[in-house]
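The values are calculated or read from the model by the stated rules, or taken from the named source; none is laboratory data. Being a predicted model, the structure only gives us computed values, none of them experimental. Please note: Cβ atoms are built from the backbone with ideal geometry, for glycine as well, and neighbour counts cover all protein chains shown.
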Ligand code: PHE
């Protein structure tokens, strides 16, 4: 029995002196492992008489419990010390600069759409949207361009081979084979129809988005961007249209000396119709918007079409033309983006070249606001 006491004392000394978890584990194996001295002592119980065993067993079990407990508490102490040491060596310096992560940039078209939304929101306009895959009824017929209308030919429309079933139409006016022909919308004007049908009047919306025409050169791409504007109320007239466009362009180009010229024109969905031009000057090879187009060194540039919404369009959209009237305009977004930010090839807009984007793009952290400047450049 005294041999066991000696072994226990020796083992407890080794445990107490262990400086690493490895050393401690080696002692655990030496004592409690299958061939450890505690296990061997337990095996001797088998050869004892019942009386001897009754005396020896509790003593050996007690030794085993003491050793196991000593190992467990030493293990806790060693682990705590290891954690302590790790925390001390791995202090985080919060004053260090963060790693330089690659950051994308906002495409000028998206930037300009945000600027538009910001400026028009200030004038009380909400943003409306409509589908790019449109049906013929919304893109043409409801805009007073029936099947035989010559203006349709000007649109170079991309048609889909399919028509959708009459059951997809929301009113009987929209049924019929030609009306159900699907196409890529050629302008944002069908959003006028959808907004009037959905919201009724009064109405004050802009609808920015993609439009498609089968056309391609340095100033035309098969996909481009327009913003539609629509105001319907009881007493809206052409003066409101002119003021709205002028106010918009002043805010957008961030200069006061914007002169707008309205020229009589024709669109089937407006009556009267006007195209609007702004005065600009050539500075080097850049066109800079501002000033009166008739001044020396200046000229006029057409920016879009507009007019008073044709009463037939109001009827198609379910509004009573004896009660409601208003104006609509359509404006090329890519065009005004090029003018404002000095880009000269429209095709580069849609090439997805990261070098072009990092040069002309905007920081995602610079949100356009009227107070901070809508065209804040990173
Ligand atoms: N939708 C016309 C176009 O794309 C522009 C326009 C919109 C004209 C609204 C008048 C009113 O050319």
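Keeping to the stretch 159-189, report how many residues are within 16 Å of the ligand (Cβ to nearest atom) and more than 28 Å from residue 328 (Cα to Cα).
0
Condition (residue is in contact with a helix residue (DSSP H, G or I) (Cβ under 6 Å, 6 or more places away or on another chain) and in a helix (DSSP H, G or I)) applied to the stretch 86-98: is it met by at least one residue?
no
Counting only residues that are out of contact with any helix residue (DSSP H, G or I) (no Cβ under 7 Å at 6 or more places or on another chain) and within 16 Å of the ligand (Cβ to nearest atom), which one in the stretch 209-219 is farthest from residue 279 (Cα to Cα)?
Ranking the qualifying residues of the stretch 209-219, first place goes to 214.
Name the one entry in 262, 241 that is more than 21 Å from residue 375 (Cα to Cα), within 16 Å of the ligand (Cβ to nearest atom) and out of contact with any helix residue (DSSP H, G or I) (no Cβ under 9 Å at 6 or more places or on another chain).
Checking each option against the conditions leaves just 241.
Listed here are the residues, each with its yes/no results for (1) more than 29 Å from residue 243 (Cα to Cα); (2) outside any helix (DSSP H, G or I); (3) modelled with pLDDT of 85 or more; (4) within 16 Å of the ligand (Cβ to nearest atom).
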| residue | (1), (2), (3), (4) |
| --- | --- |
| 329 | no, yes, yes, yes |
| 336 | no, no, yes, yes |
| 339 | no, no, yes, no |
| 348 | yes, no, yes, no |
| 355 | yes, no, yes, no |
| 358 | yes, no, yes, no |
| 367 | no, yes, no, no |
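Look at residue 231 and say whether it is within 28 Å of residue 155 (Cβ to Cβ) and in contact (Cβ under 8 Å) with a residue 60 or more places away in the chain.
yes
Does residue 247 fit the bill of being within 16 Å of the ligand (Cβ to nearest atom) and over 26 Å from residue 144 (Cβ atoms)? Don't jump to the end; show me each part of the working.
Working: within 16 Å of the ligand (Cβ to nearest atom): no; over 26 Å from residue 144 (Cβ atoms): yes.
Judged against the criteria, residue 247 is not a match.
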